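The next block holds one structure in the form of C-alpha cells; read it before the comments.
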Amino acid sequence: MRFLLFVSLALCLSAGCSPKIAPTGSCNPDFHFWQPHLRDSVQVNRYRIAISKDNMNISGIWMVRYMDETLRGTIVNEFGLKMFDFTCTAGACKLINVTPMIDKWHIRRTIARDVQFMLEIDNPAFKAGQRADRSQSDDTLTVVYRKRMLQRMPNGEMKMQNRRHNLTYSFKKMD
C-alpha cells in the first residue's frame, strides 16, 4: 500500500514516454485508389455499377461530381429510376431521395458508409482511410479496413465488398 503512489507515478511516466505508432495506411502516391484517369475533379464522373447481395442484383449508372468541398452524386438504375442521391464528405455521407424499396434506417446507414468508404478512401481527413491496410499484387490494389475491402483491378474495374452484410459493389468508369 505504501508504494502504490510510487508505482502509479512510474507507470504514468513510462506510458507517456512510449513511442507513437504510425498509421498502417501508406502515403505513397502509388497506393492512392483514385487515380486521375478514374475520377475527374471538375466534370461529372459516370460509372457502370452493379450492387449485389445474395441473389439480388441492382445495376445502373453511378454519377459523381465534386462540388463545394463535397462529393455529390446519384445512382440511377437501367430503367432510369433513381435509387438515391447522396452527399459525401470525410466526416459523413448522407443519402437523399431514397427509393422506398431501400428506405430503411439500417439499409441507408450501411449504403451511406459503403459509399463514403469508396469515395473518401484517399482523403487524409477520413479516419478509415488513414487506418486502412493497402497492398498491391499483380497490378491489383487492395485496400482493407475491418470488414470492407476495396480493389482496383488492372482492367479498370473496381470492386468493394462489405463482408459484414455480404454486399458487393462492382463499378467501372464509362467513357
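The values are calculated or read from the model by the stated rules, or taken from the named source; none is laboratory data. Quick caveat: nothing in here was measured; it's all calculated off a predicted structure. Methodologically, a virtual Cβ is constructed for each residue, glycine included, from the backbone with ideal geometry; neighbour enumeration extends over all protein chains shown.
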Note to self: Suppose we keep only residues that are in a strand (DSSP E or B) and touching a Gly at 6+ places or on another chain (Cβ under 8 Å) within region 109-142. Which one would you say is surrounded by the most Cβ atoms within 10 Å (Cβ to Cβ)?
What the structure shows: Arg134
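Table: residues versus (1) under 24 Å from Asp175 (Cα atoms); (2) in contact (Cβ under 8 Å) with a residue 24 or more places away in the chain; (3) of a type in the set (A, V, I, L, M).
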| residue | (1), (2), (3) |
| --- | --- |
| Asn57 | yes, no, no |
| Ile61 | yes, yes, yes |
| Met67 | yes, no, yes |
| Phe86 | yes, yes, no |
| Thr89 | no, yes, no |
| Ile107 | no, no, yes |
| Thr110 | no, yes, no |
Check: Do you know which residues across region 133-164 are touching a helix residue (DSSP H, G or I) at 6+ places or on another chain (Cβ under 9 Å), closer than 22 Å to Val64 by Cβ and in contact (Cβ under 8 Å) with a residue 40 or more places away in the chain?
Finding: Arg134, Leu141, Val143, Leu150, Met158, Met160, Asn162
Check: Somewhere in region 45-63, is a residue charged (D, E, K, R), modelled with pLDDT of 75 or more and in a loop (DSSP other than H, G, I, E, B)?
Finding: yes
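Which is under 16 Å from the mean Cα position of the chain (by Cα), within 23 Å of Pro36 (Cβ to Cβ) and among the polar types (S, T, N, Q), of Gln151, Gln161?
Values: Gln161 fails: within 23 Å of Pro36 (Cβ to Cβ).
None of the others qualify; the one that does is Gln151.
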Note to self: Would you confirm whether or not region 77-97 contains a residue that is touching a Cys at 6+ places or on another chain (Cβ under 9 Å), at pLDDT below 95, assigned to a strand (DSSP E or B) and of a type in the set (Val, Ile, Thr)?
What the structure shows: no
Check: Within region 29-44, can you find the residues that are crowded, with 17+ Cβ neighbours inside 10 Å and either in contact with a Phe, Trp or Tyr (Cβ under 9 Å, 6 or more places away or on another chain) or at pLDDT 95 or above (or both)?
Finding: Arg39
